[in-house]
1. Against the empirical 2.2 N^0.38 Å scaling, what ratio does the C-alpha Rg of region 178-261 come to?
2. For the chain, what are the per-bin percents of Cα-Cα distances with bins 10 Å wide, up to the bin holding the maximum?
3. Taking DSSP loops as anything outside H, G, I, E and B, show the longest stretch in the chain free of trypsin sites (Lys or Arg not before Pro) there with at most 16 other beta carbons within 10 Å.
4. When the dipole is taken about the Cα centre of region 49-100, and only Lys, Arg (+1) and Asp, Glu (-1) are charged at their Cβ, what size is it in debye, to the nearest 20?
5. For region 1-115, with every protein chain kept in place, what is the accessible area per residue (1.4 Å probe, Å²)?
6. What residues have an amide H closer than 5 Å to that of residue 92, excluding those fewer than 5 places away on the same chain, when H is modeled at 1.01 Å from N in the peptide plane?
7. Give the longest segment of the chain that steers clear of GluC sites (Glu not before Pro) in DSSP loops with at most 16 neighbouring Cβ atoms within 10 Å, not counting the sites themselves.
8. How far is the Cα center of region 133-173 from the Cα center of region 27-72, in Å?
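The values are calculated or read from the model by the stated rules, or taken from the named source; none is laboratory data. Since this is a predicted model, take the numbers as computed values, not measurements. Positions of Cβ are generated from backbone atoms using ideal geometry, with glycine treated the same way; all protein chains shown enter the neighbour counts. Only protein heavy atoms, including side chains, enter the accessible area calculation; ligands, DNA and RNA are left aside. Shrake-Rupley method; radii C 1.70, N 1.55, O 1.52, S 1.80 Å.
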Amino acid sequence: MHTDQDFKAHQRAMWAGGDYHAFATASLWDFGPLLVEATGIAPGQRVLDVAAGTGNVAIRAAEAGADVIASDLTPENFSAGRREAEAHGVEIEWVEADAEALPFDDDAFDVVTSSVGAIFAPHHQAVADELLRVCRPGGTIGMIAIVPDGAVIDMFDIITRYAKESVLGEQTPIEWGREEHVRELFGDRAELTFKRRSFNPSPLADVDLFKRYHPVVRMLYAELADEPERIDALNRDLDAMAARWHDDAQRVLVIVARKRG
Ligand SMILES: C[S@@+](CC[C@H](N)C(=O)[O-])C[C@H]1O[C@@H](n2cnc3c(N)ncnc32)[C@H](O)[C@@H]1O
């Protein structure tokens, strides 16, 4: 994979596979209310959720009374998000967008959120610049990142060992879990606060959920379809990972950035 365009096309095809909505509702659906609370989303606010998936944050922000746009590189998942929003009785606008080049005006939103989403874009500085650009002065950016000491690191290791093409990009998403990295990206343009949250047992400990639904894991199985021995090895590695996760917490970093006026 050579160009940035190729990488993003591969990412989009990957996240469109499996059944992300089934995975999300059974695992990290509660990241939504966590981020809505951390950013203090209030009725009437204009909210942009970046790399929104199927709306775990966007739907909760709309339920809190905000006017919400959900954006993502992978519009294939929007129909599941639309159905979920309808079931919750809220309306959301869904827009295809790369977190590194958001199709929105400067200062357009009161709150910009991204739950384990924008961290997957390969150029971290471009993401931070875009989140800041579309947020109004005095507005709030809220992100959930994966911390480098969390159990999910095992999953990244497995992905790296089995994937045929690079999945994690030029800069690993894990870097967003280091406070110094985030401080460097936002510089003095925002006032930053960080909180760590643990989930134990991890909501991600159910390995069958990964095997059945997770887009990245489904892609690994598809790529190895003609290599039964590698599939056996992958199964063993995933099972060993799950056994460890039952005794370990899933740790995330909640980042809140208040854009300076
Ligand atoms: C782990 S999912 C998180 C989705 C959702 N925020 C949640 O918490 O359930 C990662 C999401 O990032 C999206 N994504 C990956 N690279 C992206 C990019 N460059 N720009 C926008 N979205 C991207 C994927 O399409 C996917 O929906």
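1. Here the Cα radius of gyration is 1.55 times the empirical estimate.
2. 7, 31, 38, 19, 4, 0
3. Numbers: sites that count: 164, 178, 260.
Free of exposed loop sites, the longest segment is 1-163.
4. Rounded to the nearest 20 debye, it is 220 debye.
5. Numbers: 4740 Å² over 115 residues.
In whole numbers, region 1-115 has 41 Å² accessible per residue.
6. none
7. 171-261
8. If you average the Cα positions of each part, the centres end up 19 Å apart.
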